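The values are calculated or read from the model by the stated rules, or taken from the named source; none is laboratory data. Every value quoted in this text rests on a predicted model; they were computed, and no experiment measured them. Note that each Cβ is placed from the backbone with ideal geometry, even for glycine, and that neighbours are counted across all protein chains shown. Keep in mind that these areas ignore ligands, DNA and RNA; they rest on the heavy atoms of the full protein, side chains included. Shrake-Rupley method; radii C 1.70, N 1.55, O 1.52, S 1.80 Å.
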Amino acid sequence: MSEEKVLLVDDEQDFLKALSERMQTKGLQITSANSGEEAIKAVGDEFFDAVILDMKMPGLDGIETLKKIKEINPDVQVILLTGHATVDKGIEAMKLGAMDFLEKPAEINSLMEKIKTAKTNKMLILEKKTEEEIKSILNEKAW
Amino acid sequence: MNKEEWEKCYARGLAFFGRISANVSHEIKNHLAVINELGGLLQDLSIMAQKKDGLDPDRVDRLAGNITAQVSQSDKIVRAFNYFSHSVDRTQTSVDLDEFAEIMVTITRRLAAVKGMELVYNQEKRQHSPVFTNPFLLEQLYHFCLEHIIAQGKSGLIISLRIAKEGTKGKLSFSCPEPVMGNIPEDDYLDLLNQELKASIECGRDKRELVLTIEPLSF
């Protein structure tokens, strides 16, 4: 079973609880946040393979939260969830660096696939960064 | 109402109807999303039980209870929305303010919630309080008041609605613990609604209360 570490962000308590429990049953490590502010703090404190973020929340909405999360960690993989997906919002989210955009209620297998893709993307970014760092060290040392 | 006023009334009324409909559909979708996850979880538990682990009856019972609660809340919203949709059927009818307040709070609670505020119908003594009026225009006046308070308030604010009858007049009072309610900005359409419903909106109790008063329409 996979051990992806996921941050779930939604102001709807019942939805947050239900989806968290379901994903935990499927073997994922879930941290939940009730607001954009809580999500930003969590991303600052921990690394996640994926962040699943609700678009419409009181205070900081999904788009604002996405911007702040990307400022803290540009590599974090964010999947946006919304009650009513619109093309405009989807394009805006992707331009801001969201990995994907799903409409509620999301089909669980599709969501699980996207989380797996997020983890793979994150690993590829890390590998590339590590490779660049090694190249940089090799160039600097000139041994 | 002259032609120009009628056109304004039509356009603004339709915009209001659209806003409430979109809000309600969003709320129903939220409940469906929760039901979808709870149903999926029950399915997952069933698959797990077939493979090896036993089924925890308490967990299944809790999940089934949560689904029932979600359906019940959705049903309440759909009923309220049905009442709202039929409010355009008649331009003059007897409106029970007690029922009206409960219905309107149900379908507009989310407008406050998305700003981090709470809207409650806080009537101590529930009683039949009929007023002869235009229900759809009254809903729009209610919405004017609510939107004004939401625009002035901050996250965490609790907005309480109460109703009262004073002789033949009906009152809808919005109150909150903080002095956030100034007078509603001038608006031609608001003036038109007030005129049509013989209504007035006054700010009181040091900006902690907004009272919408309507007189009954004549036959």
* Local electrostatic count, B:H31, Cβ distance below 14 Å [Lys/Arg +1, Asp/Glu -1] -> +1
* **Unit charges at the beta carbon, dipole of the stretch B:68-219: most positive-side option, B:A199, B:P130, B:S155** => B:S155
* **Tilt relative to chain B, helix B:57-86 - C-alpha long axis, 0 to 90 degrees, to 10** => 20
* Asked: On a 0 to 90 degree scale, rounded to 10, what angle separates helix A:62-72 from the longest Cα axis of chain A?
  -> 20
* Structure fact -> Within the under-13-Å Cβ sphere about B:E5, not counting B:E5, Lys/Arg +1 and Asp/Glu -1 give a net charge of -2
* For the stretch B:95-219, give the magnitude of the charge dipole about the Cα centre (Cβ charges: +1 Lys/Arg, -1 Asp/Glu; no others), in debye to the nearest 20. => 460
* So how do A:K114, B:K125 rank on accessible area, 1.4 Å probe, biggest first, that is with the largest at the start? -> B:K125, A:K114
* Sites B:D89 and A:K41 - FRET efficiency at Förster radius 56 Å, r taken between beta-carbons, to 0.05 -> 0.65
* Asked: Magnitude of the Cβ-charge dipole of the stretch A:5-141, K/R +1 and D/E -1, about the Cα centre, nearest 20 debye?
  -> 380
* Write down the Å³ per residue value for the convex hull defined by the alpha carbon atoms of the stretch B:90-214. => 98
* Asked: Relative to the first principal axis of the alpha-carbon coordinates of chain A, what is the inclination of helix A:36-45, with its axis defined by its Cα atoms, in degrees from 0 to 90 and to the nearest 10?
  -> 30
* Backbone HN-Hα couplings from phi across the stretch B:5-12 [Karplus 6.51/-1.76/1.60, Hz, Gly and Pro as x] -> 5, 4, 5, 5, 4, 5, 5, 5
* Estimated 222 nm signal from helices in chain B, with DSSP H stretches of n ≥ 4 weighted -39500 (n - 2.57), rounded to 500 -> -20000 deg cm²/dmol
* To do: Using only alpha carbon positions, build the gyration tensor of the protein assembly as shown, then give the equivalent ellipsoid semi-axes as the square roots of 5 times its eigenvalues, largest first, whole angstrom.
  => 48, 25, 17
* Per DSSP H run of at least 4 residues, take -39500 (n - 2.57); add these up for chain A, divide by its residues and hand me the 222 nm value, nearest 500 deg cm²/dmol. => -17500 deg cm²/dmol
* To do: With N set to the residue count of the stretch A:58-99, report its C-alpha Rg divided by 2.2 N^0.38 Å to two decimal places.
  => 1.10
* To do: Just name one of B:A80, B:L14, A:G36: the one whose Cα is farthest towards the positive end of the charge dipole of the protein assembly as shown (beta-carbon charges, Lys/Arg +1, Asp/Glu -1).
  => B:A80
